Each structure stands twice: as structure tokens, then as C-alpha cells.
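The values are calculated or read from the model by the stated rules, or taken from the named source; none is laboratory data. Note that the coordinates shown come from a computational prediction; the quantities given were computed from them, not determined experimentally. We place every Cβ from the backbone using ideal geometry, glycine too, and count neighbours over all the protein chains shown.
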Amino acid sequence: MKNYITIIGGGLAGTEAAYQIAKRGIHVKLYEMKPVKFSPAHSNKDLAEIVCSNSFKSNLLTNACGLLKEELRRLDSLLIKIADETSVPAGQALAVDRDIFSRKVTNAIEENENIEVIHEEITDIEKMAEEGIVIIATGPLTSDGLAKHIQKLTSHDKLYFYDAAAPIINKDSINFDIAFYGDRYQQEKKKEETIEEWKKRLEEEEETQSYINLPMNQEEYENFVKELINAEVITLHDFEKREIFEGCMPIEIMAKRGIDTLRFGPLKPVGFDDPRTGRRPYAVVQLRQDDKQGRMYNMVGFQTNLKFGEQKRVFSMIPGLENAEFVKYGVMHRNTYINSTELLDETYNLKSNHNIYFAGQITGVEGYVESISSGMVAGLNAVAQFRSMQTEKSNKVEDKNTYISSNDKVLPNKVIFSEYTVIGSLAKYISTSNTKFQPMNANFGILPELEGKKIKDKKERYTKLAERSLEKLM
Ligand SMILES: Cc1cc2nc3c(=O)[nH]c(=O)nc-3n(C[C@H](O)[C@H](O)[C@H](O)COP(=O)(O)OP(=O)(O)OC[C@H]3O[C@@H](n4cnc5c(N)ncnc54)[C@H](O)[C@@H]3O)c2cc1C
């Protein structure tokens, strides 16, 4: 067994993991392919490059990403510390000067005597993982050579190459004076039913239904389409346009093809009657259950490239979504990620090879801060495993090969954060089977609900969740 831990990828997750390991006195070899090779979105030769927005999102504890940052501060995250030090005015958000941020992280890593940075693209990890612990943190734009190798390692159908996700909404924020549950066709009023009988049937079926429907009249539909086609979109890189649009069309592009296109596509009203009127609506937006507990619903057919603020503005025009809380906005971008729900455990450790950890966006966590948090968890667990292997090694000097084989069931003292914390709930989310695994960012919907009577006021509820989280952290 090697006397160091290997990390591949010197982005946000990889550098955080390296710092956590080095801080505990263990040597790290950190492989970063820049500046020898750059991904289509990276251009700075420093480590921990911020590829897009310079915002690490809200700093408020009543925001799940703000709470996650506070958890990471308390766990001595190097990257959040440097983000605080290099922040620029951004109201309640934490935004950084991206160049100074990356430079400072690079200095901290390069000056650390326990870390060796090697500028090389890695395309094969099998041998490395036979000899010791490896953390793969190569991000959403993992180089093609390594992506192919990961595909082989995790079996072919378990690697996704882009994200075309629709927004996800917190069910509690939907207006059920307008919305109604129901699968297409089961919701039509039968000829022999009175309106009362029909409503009663719908109510009885309600709990078992996995779709929520939002009916629109002609005026509502036309106003919505008008705003949708004029809304501001995110500019994609050329490589993304080529790859993504081949697979899936954004709703705003579809809407531009003609006023009725959506009504004959994802918003078709066929199979539904509006329980308020007993008549078929002009159009229907459908929401599909997204998590096992039925607390989150995704907007069916709403893959979109609209800017996040525009998604909130335009999609909130849909009757029933006036006060919708968007747990996650829709995205369409190149994103390489593994099917973590099947492949990883809560410590980001590969179930089929305990010498391999994954960290960062490649695990299906989404966002800068979320990637840092997974780097922290993977790093701490790699340390625990390394120490446990060292102990075993000193106890079994003569029996060298029995404990280092990559498929040994090495079960060190794992570092698993409480599911009541955001760092722990994210790790649990990505490693627990979901209806359809899609990358996830920090949000209150993945934390267990508060005990006792539901608190209606959102700010009060989030404050309580944050207090509980910080209490359970240590
Ligand atoms: C175009 C784009 C825009 C984004 N915009 C935002 C945003 O605005 N806000 C947000 O929160 N998140 C955004 N994200 C997501 C963002 O990338 C992640 O949140 C974060 O950077 C992921 O951190 P990471 O450490 O997993 O990967 P990265 O930070 O990308 O780091 C991975 C590192 O691995 C290196 N690498 C790749 N392959 C190899 C290899 N084979 N060998 C050695 N090194 C390798 C890369 O050069 C890179 O330095 C965006 C992603 C993309 C692709």
C-alpha cells in the first residue's frame, strides 16, 4: 500500500479533499491536467478555477446553500475560508474575485508540504487503485479518456454526459385551490358521474397519484407563451449546443415554433377535466413526483435554458405556481456524472471498489459549494480508511496482500454526517435510490421535516431547520 492518497482533479472538490487529508498528516499526490490540457470551459492555469458565475450563492442561514457554507466553515473548509477572504460586495450572497480566489487556493495547496501537485492528464486509474486510495474529482468536464475509463469501471450505462433537467418545485408551495392530482385519462369526468361524485372520486384517488396538474385557460396560456419566448436565456458554449440540443429541446425553443406547439406537446390538455369547471382546460402543465417522500415535483417537459431569475418569473405565471418555491432550476449543460445512487455509499466511496472515492460534480452534487462539501466528506473518509489500513498493516506485517486488495471489504470508521445537516443530507441523497437520479443542489427539501406541527411561515421554518442542522453537525 502506498504511503499517500491520490487525488485526480484539482478543481473545487479535489483541492478541498487534498487540504483535509494533508491537514491530518497524510501525503497527497494531486493530479491536475491543466495547463497541459484544458477542458472546453477552463482557461486559467490555477487550481480551483471558477468556470462561470463568481457567486457561491446566499450567505443567509435561511437558505440551504448559505447553511451548507456555514457548516463547512465550522468544519474548517479551506475553500470557504478563502472565498470569505476574497469576497466582493454582493448583498446577501457570497461572491468572490475569481482570479484572486483561485490564486490563493493554488498557493495554499502548493505551499503545503504534504501535497505534491502533478500536472498530468490521468486516463487509467486501475493500477493506482490497486496500490492505494484514489479520489476521482475531475468534474462535469472530465476528460474524454478518463470518462471512458470510468464508464468501463462503473459499467457502461451508468455515466451521464449532459444535464437536461426541468425545474423541481416544493409541493408545499403549490396552490391546491387550482392544482389537482391525477393521471391523464383517469381524470376525465365519466359521462354518468355528477360533478360531486367525480370530485369525490378524485379526492379518494389523490393520495396515490404521482402527478399534479395545473390547468390554464386560453388567455393564461397565451400570456405564458409570450413571456416564455421572450425570456432571457443562458449563453451556451458551442460544444454544449452541439451535444445537448441533439438529445433534447428546451421548452422555450419549442414554444417559438408556433403558439399552439406546447398545447400539442407537453402542455396538451387531453385526458383531463378541470375539477373547478368540469370542462377540459385549454392547456395543462403537469408536475411529476420527484422524490420518494412526495415532497418535490418536477415540471414535465420543461427542460430549459432560461436564466434562473427568468424561470422564477415566467414559470410563476402558471396558475397554481404563483408562490412556487423552486428547489432546483432547470439546466441544460454538459455534465459528466455517475449514477451515484447505485454506485456510491454515503461517504462517496465506490461500493464495488473500496479504494476508490468520487468527489465533486461528477457524483451528481451540483454547484460550487456542494462540490466543496463532497470533497470534504470524501477526503475525511479517505483519511479514516487510510488510517485503518495502516493499523491493519502494522498488525499483519507478514501477511502483506490480504488487506490492500481493492475489493477487500475494508470498513474503516466512516465519517457520516447527520442527515439533518445539509452536508449529510446531500451525501445521503446522492447515494440513496431515487425515482430518477438527477444532479442535486443544496435545498431544504432533502432534509428531514421538522418534528411536530408544520410551521407555515417559510422563514421561521428554515430558521428552525438551520438551528437543528448546526446543533447536529458536531
Ligand atoms: C460551463 C459550466 C458552467 C457552470 N456554472 C456554474 C455556476 O455558475 N455556479 C455553480 O455553482 N456551478 C456551476 N457549474 C458547475 C461547476 O462546474 C461545479 O459546480 C464545480 O466547478 C465542480 O467542481 P469539481 O471540483 O467537481 O470540478 P471542477 O471544478 O471542474 O474541477 C475538475 C478538475 O479536474 C481536471 N481534470 C478533468 N479531467 C482530468 C483528468 N483526466 N486528469 C487530470 N485532471 C483532470 C480539470 O482540469 C479541473 O481542474 C458549471 C459547470 C459548467 C461545466
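Summary table
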item	result
Scan of the range 52-98 for residues that are without any contact (Cβ under 8 Å) to a residue 12 or more places away in the chain and part of a strand (DSSP E or B), ordered by number	87
Residue among 317, 332, 299 that alone is aliphatic (A, V, I, L, M) and at pLDDT below 90	332
Filtered residues of the range 1-17 (kept if at pLDDT 95 or above, out of contact with any helix residue (DSSP H, G or I) (no Cβ under 6 Å at 6 or more places or on another chain) and under 16 Å from residue 133 (Cβ atoms))	4, 8, 9, 14
Matching entry among 16, 32 (being touching a strand residue (DSSP E or B) at 6+ places or on another chain (Cβ under 9 Å), within 13 Å of the ligand (Cβ to nearest atom) and not hydrophobic (A, V, I, L, M, F, W, C))	32
Which listed residue is acidic (Asp, Glu), closer than 14 Å to residue 212 by Cα and assigned by TED's automatic domain parsing to the domain that holds residue 215, from 273, 260	273
Any hit, the range 114-124, residues being over 14 Å from residue 4 (Cα atoms) and at pLDDT below 95	yes
Test result for residue 437, modelled with pLDDT under 85, out of contact with any Lys or Arg (no Cβ under 6 Å at 6 or more places or on another chain), buried (at least 17 other Cβ atoms within 10 Å of the Cβ) and not charged (D, E, K, R)	yes
Restricting the range 52-70 to residues that are within 20 Å of residue 14 (Cβ to Cβ) and crowded, with 16+ Cβ neighbours inside 10 Å, the residue that is modelled with the lowest pLDDT	54
Condition met for residue 87 (closer than 16 Å to residue 11 by Cα and either within 16 Å of the ligand (Cβ to nearest atom) or touching a helix residue (DSSP H, G or I) at 6+ places or on another chain (Cβ under 6 Å) (or both))	no
Strands (runs of 3 or more DSSP E) wholly inside the range 117-174 containing at least 2 residues that are within 26 Å of residue 290 (Cβ to Cβ)	159-165, 168-170
From 375, 360, 379, residue being within 13 Å of the ligand (Cβ to nearest atom), more than 17 Å from the chain's Cα centre (by Cα) and at pLDDT 95 or above	379
Neighbours by Cβ (under 7 Å, 6+ apart or cross-chain): first from the range 107-136, not assigned by TED's automatic domain parsing to the domain that holds residue 38; second β-branched (Val, Ile, Thr)	none
Residue count for the range 163-200, restricted to those that are at pLDDT below 85 and surrounded by 20 or more Cβ atoms within 10 Å (Cβ to Cβ)	6
Filtered residues of the range 101-116 (kept if surrounded by fewer than 19 Cβ atoms within 10 Å (Cβ to Cβ) and either assigned to a helix (DSSP H, G or I) or within 12 Å of the ligand (Cβ to nearest atom) (or both))	103, 107, 110
Residues (crowded, with 17+ Cβ neighbours inside 10 Å and either acidic (Asp, Glu) or assigned to a helix (DSSP H, G or I) (or both)) located in the range 15-51	15, 16, 17, 18, 19, 20, 21, 22, 32, 46, 49
Matching residues, the range 336-357, being closer than 18 Å to residue 290 by Cβ and within 16 Å of the ligand (Cβ to nearest atom)	337, 340
